[in-house]
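Step one of this worksheet: look at the structure below.
The values are calculated or read from the model by the stated rules, or taken from the named source; none is laboratory data. Quick caveat, the model's predicted, so the values are computed rather than measured. So basically every Cβ, Gly included, is an ideal-geometry build from the backbone, and we count neighbours across all protein chains shown. Accessible surface is based on the protein model in full, side chains and every heavy atom, while ligands, DNA and RNA are left aside. Shrake-Rupley method; radii C 1.70, N 1.55, O 1.52, S 1.80 Å.
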Amino acid sequence: MTGETTSAIVKRCEAIFDDLNFTLAREWKEAEPGRKVIAYMPVYVPRELIHAAGMLPLGIMGGGDNLEVIHGDAYYQSYICRIPRSTIELGVSGRLDFVDGMLFPSICDVIRNLSGMWKMLFPDVYAKYFDVPQTYKDEVGGVFYTNEMREFLHDLEGIAGRKITDDDIRASIEVYNDNRRAINELYALRAKQPWKAPASEAYLVIRAGLVLPVEEHTVLVREYIAAASAQERPLKDNSRVVLTGMFCEQPPLNLLKSLELSGCYIVDDDFILISRWLIGDVPTTGDPVHNLSQAFLHSSMSTAAKYEPDQEEKGQFLVRAVRETGAEGVIFASTSFCDPALLDRPILQNVLKAADIPFIAFKYAENSGQMQPIREQAGTFVDSIKLWSAA
Amino acid sequence: MKPSVVKAQPADVLKDASMLKQKEMMAAHYERLTSAPQAGEKVASTFVPGNLNELIMCFDLVNNLPEVNAIQSGLRKQSGQYIMEAERAGHSEDVCTYVKSDIGMMLKGNIGPNGKELPRPDVLLLSYTGCFTFLKWFELLREQYKCPTIFLQTPYMADGKVTPNMIQYMVKQLKEDVIPTLEEVSGVKFDIDRLREYLKKSAEAEDDLVHILQSGKNKPSPIDAYFGGIYYIGPIFGAFRGTDDAIDYYRFLREEVDERMLKGLGPVTPDGPMGEEKYRLVVEGPPNYTSFRQFWKMFYDEGATVVASSYTKVGGTYDYGFRHDPDRPLESLAEYCLGVYTNRNLPMRIDMLSDYINEYEADGLLINSIKSCNSFSAGQLLIMREVEKRTGKPAAFIETDLVDPRYFSAANVKNRLESYFQMIDQKRGSKGAAA
Ligand code: SF4
Ligand code: SF4
């Protein structure tokens, strides 16, 4: 597939993105008897463990703006975000009928409660609320997390019908390290030459990693980087912005495109955070579960779903993202009715104010259709950034 | 300084001894709280689910509960303006209104129910139990108060059981983080025997509370376990668990309830004793506080009594057998936090509500869904259908908010309730016809 153009690669990724029957994952499973698929929701689960069990981790990020939600609305009041209802829709409509297990990370009470709903609705499918520590001392949160992961491994062994060895896990860590390196390279390219790798394309490329086997995905990311780097694209007079708040319910692709059309180069973001959750390589020697735990405790992304014990550190990740990418402003795009994102927002905004970083804020849902107001707001923001930096 | 023991004699004021006692206790508590800086006392803010009152008392700290302050603001019709104030300051209209009421109150001078300024907390005890929003709430307060913040994580009971890993994790947090920081903030050395003493007292009051709540099984029920229940849980969910005051209060209350039961009387409402008990309901979800009396009236005017509720379990599921245990002090605090209603998974909540309908011989389930509370609300429609299916009793769904008056539509709620009562009547009628 060498030499594929960016548009061909992006097209492939878009087909995966659009396919709410998860055909590739189904085919993967059918290709060999005994194969299992474990699905997970945002924001983070250690996919290495699923991979080590020989299974396919499958990311479920809601139904997007193409899914017609017929049953899902009967499960949720109007004042609850959209991702749980579209995920239920995927479930009850049979689109996830090939999935052998479903993980609900401890991101908020909506997904937490969804874990119990899943148990009720699909009693024959393994459903697990995946708890993580919110305290970061090795002997306290670390031990708790290591034990939780071991319990999860035990469950996976039951589903796989075989033992998972430390070597299996080490090998999987290496594979995911490589995937993270590739994705970090893509982010580096976006920060350096954003006109070469638009966020709306990068999004699709990264998102494909939620369905494809990780090894294939790493190759795909590198192919895209090579093609995007080689392709000449016009440099526009856009402003560089960091996008934040999209760590759970995903933005419609049109939203990203609209921001770009209104003059933004999105040089950093927090969508599909799982692909960058662990920062740097996880060691592949020693106790692999301990290593994953250490990485989670001491070297992982900051987001609203995590407690920040240090007041001085609160929100600094955003300031650093701005500084490191040379961004000129921040766009808070939060899901409607999302307590984590919306309660965090004022604190983060105060941090940005103190650092003299301009920002705007709006809300969206995964099925938002009207982009005009967002486009106008972003356009005005870009103009003001330019005026501001010219002054 | 230890909490003052307020004396009320049950013999003198038999009927209202508990009410009087509670009023005095609350007033004394808010006095103590608002005069803490002058008295040289230190203040710990924390949450109702996962409230470690006994531990807080071990360090002579005064317990301040922002949730209870928000309820007070709601009852006194102040919360509406506080919420607007918080929204003007940049908070979203979509988020938990308790948080906004608290923040708005702070922005407007933090005036407590006694008209005096509430003190700045010396420590935020972020007992992360059963609600994600707690985590953000105290990050928001920490930003303002810049005081030490202690995090205590209660793992979620996702599989319907408490595992040894959960208990160990919590006890370790208590030993390594919570207690040392409380010692540091208060300057008081931790004394585990003092904790045991308090826990013993907690258990004594808890026995009486369970007796009172379970009196709802009688016909007629001598209590309203939702509207009245909110008063009954006040002391034990708040700053009084582990005190002599709480023991006295629950003893008086128990005596009153027993007496009503013997006389075959129903609950006492704000308009006096309730008339004939026509409907027996189980209610899921918190109440609305901004129109609390109006809301309650819609029930007692129709002869509807709430015989059991889940909201009265947010600060502990004592009727399921849990008691604070002086012999296992730290483990017991951990188990307490793990077991509270909002930390129970959805299937457990369904079991509990179905059991209540059966055991309390209720006519059905009413869900009051709170617009801004994800912890309670996400999943309630499934709960409703499942409980209906299991018990064969009709269920109904209404939507209000805890403390945001904009989301209490009296006409809508009343309509819904009236049709629900008709539905129960019809169900009874058809049963009668079939028999
Ligand atoms: S969008 Fe926000 S509120 Fe909704 S499930 Fe995700 S984190 Fe929770
Ligand atoms: S979200 Fe619900 S449980 Fe949490 S603080 Fe708000 S009202 Fe309380």
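Could you compute how much accessible area chains A and B hide from each other, both sides summed, with a 1.4 Å probe? Nearest 100 Å² is fine.
On the way: alone 16350 and 17640 Å², together 29120 Å².
Rounded to the nearest hundred, the buried surface is 4900 Å².
In the P(r) worked out for segment B:372-435, what percent of Cα pairs fall beyond 20 Å? Before the final figure, lay out the partial values.
Details: 875 of 2016 pairs.
Distances greater than 20 Å cover 43 percent of the Cα pairs.
Which FRET efficiency value, to the nearest 0.05, do you get for A:Ser7 and A:Val92 by plugging their Cβ-Cβ distance into 1/(1 + (r/R0)^6) with R0 = 35 Å?
Working: r = 36 Å, r/R0 = 1.03.
E between A:Ser7 and A:Val92, to the nearest 0.05, is 0.45.
For segment A:210-272, how big is Rg over Rh, using alpha carbon atoms and the Kirkwood form of Rh? Please report the intermediate quantities before stating the final value.
On the way: Rg = 13.9 Å, Rh = 13.8 Å.
Result for segment A:210-272 is an Rg/Rh of 1.01.
How big is the Kirkwood radius of chain B, worked out from every pair of different alpha carbons and given in Å to one decimal? Walk me through the intermediate numbers first.
On the way: mean 1/r = 0.0452 Å⁻¹.
Mean inverse Cα-Cα distance, inverted, gives 22.1 Å.
Once you put a point 7 Å from the Cα of A:Gln372 and another 7 Å from the Cα of A:Ser389, both along the Cβ direction, what distance in nm separates them?
Taking the two extended label points, one gets 3.0 nm.
Say a site is exposed when it is one of the trypsin sites (Lys or Arg not before Pro), sits in a DSSP loop, and has at most 16 other Cβ atoms within 10 Å; what is then the longest site-free stretch of chain B? Kindly include the intermediate steps, with their values, before the conclusion.
Values: sites that count: B:Lys7, B:Arg76, B:Lys77, B:Lys108, B:Lys116, B:Lys146, B:Lys161, B:Lys189, B:Lys263, B:Lys278.
Value returned for the longest uninterrupted segment is B:279-435.
Note the direction-averaged projected area, equal to a quarter of the hull surface, for the Cα convex hull of segment B:286-435, in nm².
10.2
Using a 1.4 Å probe on the protein chains only, how many percent of the accessible area of segment A:1-109 belongs to carbon and sulfur? Intermediate values should be presented prior to the final figure.
Values: 1900 of 3830 Å².
It is 49 percent, rounded to a whole number.
Hey, what's the Cα Rg ratio for segment A:259-359 versus the globular rule of thumb, 2.2 N^0.38 Å?
Working: Rg = 15.4 Å, N = 101, 2.2 N^0.38 = 12.7 Å.
Its radius of gyration relative to the 2.2 N^0.38 Å reference: 1.21.
Taking 0.36 nm per residue of separation and subtracting the Cα-Cα distance, what length does fully extending B:Glu24 through B:Ser419 add?
Numbers: separation 395, 0.36 × 395 = 142.20 nm, distance 4.01 nm.
Gain in length upon complete extension: 138.2 nm.
So for segment B:29-434: antiparallel DSSP bridges make up what percent, rounded to the nearest 5? Can you show the working numbers first?
Details: 3 of 30 bridges.
Among the beta bridges of segment B:29-434, antiparallel pairing accounts for roughly 10 percent.
What are the semi-axes of the equivalent ellipsoid of segment A:24-164, taken as the square roots of 5 times the eigenvalues of the Cα gyration tensor, listed largest first and rounded to whole Å? Present the calculation step by step, with values, prior to reporting the outcome.
Working: eigenvalues 128, 90, 27 Å².
Those come to 25, 21, 12 Å.
Count the net charge of all other residues whose Cβ sits under 11 Å from the Cβ of B:Leu140, scoring Lys and Arg as +1 and Asp and Glu as -1. Walk me through the numbers on the way to the answer.
Details: positive: A:Lys314, A:Arg345, B:Lys100, B:Lys136, B:Arg142; negative: A:Asp344, B:Asp102, B:Glu139, B:Glu143.
The answer is +1.
Filter the trypsin sites (Lys or Arg not before Pro) in segment A:66-175 to those in DSSP coil with at most 12 other Cβ atoms within 10 Å of their Cβ, and list the result.
On the way: sites: A:Arg82, A:Arg85, A:Arg95, A:Arg112, A:Lys119, A:Lys128, A:Lys137, A:Arg150, A:Arg162, A:Lys163, A:Arg170; in loops: A:Arg82, A:Arg95, A:Lys137, A:Arg162, A:Lys163.
Qualifying residues, ordered by number: A:Lys163.
Please give the residues from segment B:78-102 for which the solvent-accessible area of heavy atoms, probe 1.4 Å, is smaller by at least 20 Å² with all protein chains in place than with the chain isolated.
SASA drop of 20 Å² or more in segment B:78-102: B:Gly90, B:His91, B:Ser92, B:Asp94, B:Val95.
Quick check for you: with a 1.4 Å probe and neighbouring chains kept, what is the accessible area per residue of chain B, in Å²? All intermediate terms of the calculation are to be shown ahead of the outcome.
Values: 15210 Å² over 435 residues.
Value for chain B: 35 Å² per residue.
For chain B, what is the mean residue ellipticity at 222 nm derived from helices alone (per DSSP H run of n ≥ 4: -39500 (n - 2.57); sum divided by total residues; nearest 500 deg cm²/dmol)? Don't skip to the end; give the middle numbers.
Values: 18 runs with 218 residues, N = 435.
Per the formula, -15500 deg cm²/dmol.
Any idea what the alpha-carbon Rg over 2.2 N^0.38 Å comes to for segment B:102-200? List each step's numbers first, then the result.
Working: Rg = 16.2 Å, N = 99, 2.2 N^0.38 = 12.6 Å.
Dividing the Cα Rg of segment B:102-200 by 2.2 N^0.38 Å gives 1.29.
Report, in deg cm²/dmol and to the nearest 500, the calculated mean residue ellipticity at 222 nm for chain A, where each DSSP H run with n ≥ 4 adds -39500 (n - 2.57) and the sum is divided by the residue count. Intermediate values should be presented prior to the final figure.
Numbers: 14 runs with 187 residues, N = 391.
Rounded to the nearest 500, it is -15500 deg cm²/dmol.
With +1 on each Lys and Arg Cβ and -1 on each Asp and Glu Cβ, and nothing else charged, work out how big the dipole of segment A:253-391 is about its Cα centre, in Debye to the nearest 20. Show your work: numbers first, answer last.
Values: 11 positive and 18 negative charges, 67 e Å.
The dipole magnitude comes to about 320 debye.
Can you give the angle from 0 to 90° between the axis of helix B:244-262 and the longest principal axis of chain B, with both taken from C-alpha atoms, to the nearest 10?
10
Taking 20 Å as the cut-off for C-alpha to C-alpha distance, list the pairs among B:Lys21/B:Lys116; B:Lys389/B:Lys427; A:Lys306/B:Lys161 that go past it.
Working: B:Lys21/B:Lys116 22 Å; B:Lys389/B:Lys427 14 Å; A:Lys306/B:Lys161 24 Å.
Check vs 20 Å cut-off fails for B:Lys21/B:Lys116; A:Lys306/B:Lys161.
Out of every Cα pair in segment B:131-265, what percent are spaced more than 25 Å from each other?
Values: 4427 of 9045 pairs.
Beyond 25 Å sits 49 percent of the P(r) for segment B:131-265.
I'd like the distance separating the alpha-carbon centroids of segment A:221-293 and segment B:313-376, in whole Å.
Taking the Cα centre of segment B:313-376 as reference, the centre of segment A:221-293 is 42 Å away.
Quick one: grab Rg to one decimal and Dmax as a whole number for chain A, Cα atoms only, in Å.
Cα radius of gyration and Dmax of chain A are 20.3, 66 Å respectively.
Quick check: the angle from helix A:109-121's long axis to the longest principal axis of chain A, C-alpha only, nearest 10 degrees?
Here the helix axis deviates by roughly 40 degrees.
Using only the Cα atoms of segment A:102-229, what do you get for the radius of gyration and for Dmax, in Å?
Cα only, segment A:102-229: 18.2, 49 Å (Rg, Dmax).
Please name the residues of segment B:143-168 whose accessible area, counted over protein heavy atoms with a 1.4 angstrom probe, falls by no less than 30 Å² between the chain alone and the full protein assembly.
B:Glu143, B:Phe151, B:Gln153, B:Tyr156, B:Ala158, B:Asp159, B:Asn165
Can you pull the one-decimal nm distance between simple spin-label points at B:Tyr320 and A:Lys163, each 7 Å off the Cα toward Cβ?
Here the modelled spin labels are 3.7 nm apart.
Check each residue of segment A:67-91 and keep those whose accessible area, probe 1.4 Å, is at least 50 Å² smaller with all protein chains in place than in the chain alone; give them in order of residue number.
Residues passing the criterion (a loss of at least 50 Å², heavy atoms only) are A:Tyr75, A:Gln77, A:Tyr79.
May I ask you to give the solvent-accessible area per residue for chain A, in square angstrom, as obtained with a 1.4 angstrom probe? Numbers along the way, then the final one.
Values: 13910 Å² over 391 residues.
So chain A comes to 36 Å² accessible per residue, rounded to a whole number.
Only bridges with both residues in chain A count here: give the DSSP antiparallel percent, nearest 5. Mind dumping the intermediate values first?
On the way: 1 of 27 bridges.
Of those bridges, close to 5 percent are antiparallel.
Using just the C-alpha positions of segment A:138-194 as equal point scatterers, what log10 of I(q)/I(0) does the Debye formula give at each q in 0.15, 0.16, 0.21, 0.24 1/Å?
Reported log10 I(q)/I(0), two decimals: -0.67, -0.72, -0.88, -0.95.
Under a point spin-label approximation (7 Å from Cα along Cα-to-Cβ), what is the A:Glu215-A:Asn66 distance to one decimal in nm?
Output for this residue pair reads 2.8 nm.
Please report, in Å, the Rg and the Dmax of the protein assembly as shown, where both are computed over Cα atoms only.
Spelled out, the Cα radius of gyration and Dmax of the protein assembly as shown are 27.5, 93 Å.
Tell me the angle of helix A:288-298 to the major Cα principal axis of chain A, expressed in degrees between 0 and 90 and rounded to the nearest ten.
So the inclination is approximately 30 degrees.
Within the protein assembly as shown, what percent of beta bridges assigned by DSSP are antiparallel, to the nearest 5?
On the way: 4 of 57 bridges.
Antiparallel bridges: around 5 percent, rounded to the nearest 5.
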